[in-house]
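See structure below.
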Amino acid sequence: MKRLLALVLALLVGVHILSASESLRRPAAAIEESLLRLAPRGSSVEEVLRAIEAKGWKHDFIHETGFLKQEGSKPMEVVGKKSIHAHLGEYGLILKTSVDAFWGFDGEGKLLEVWVWKTTDGP
């Protein structure tokens, strides 16, 4: 009986971990869309911070510069005059993928753009 209970508990924990990371496995563009539903373009810095904190994501301070957007073969660009970075989570066992988001704001503190950056560590 104890083994069955331990097995069921382990299965439930495993399902919870997989479902929590499942949303992070979506393409970056899909995650960006969901972040914009939480705080649409034009939102204030404070509104974005409230949305980040409500989700429990770790974020750092408000940067007094925009963020550096780096997308494959496209030229790098600085987005905004201020920015926020948050770590949304990670997934994978052997090849761990970290998912981070950046919010760029104009000089008046209004949201311009959200960018999701995924990085995968090698074994």
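One table, with the values for the structure above:
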| read-out | value |
| --- | --- |
| Complete set of residues in segment 11-25 that are open to solvent by 80 Å² or more (accessible area, probe 1.4 Å) and at pLDDT 95 or above | Arg25 |
| Residue list for segment 93-111, filter: polar (S, T, N, Q) and at pLDDT below 95 | none |
| Selection within segment 54-98 - touching a Lys or Arg at 6+ places or on another chain (Cβ under 8 Å) and polar (S, T, N, Q) | Thr65, Thr97, Ser98 |
| Single condition Val114 does not satisfy, out of (1) within 19 Å of Ala51 (Cα to Cα); (2) without any contact (Cβ under 8 Å) to a residue 40 or more places away in the chain; (3) β-branched (Val, Ile, Thr) | (2) |
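The values are calculated or read from the model by the stated rules, or taken from the named source; none is laboratory data. Not measured: the values here are computed from a predicted model. Methodologically, a virtual Cβ is constructed for each residue, glycine included, from the backbone with ideal geometry; neighbour enumeration extends over all protein chains shown. For the accessible areas, the whole protein counts, side chains as well, though only heavy atoms, and no ligand, DNA or RNA atoms are used. Shrake-Rupley method; radii C 1.70, N 1.55, O 1.52, S 1.80 Å.
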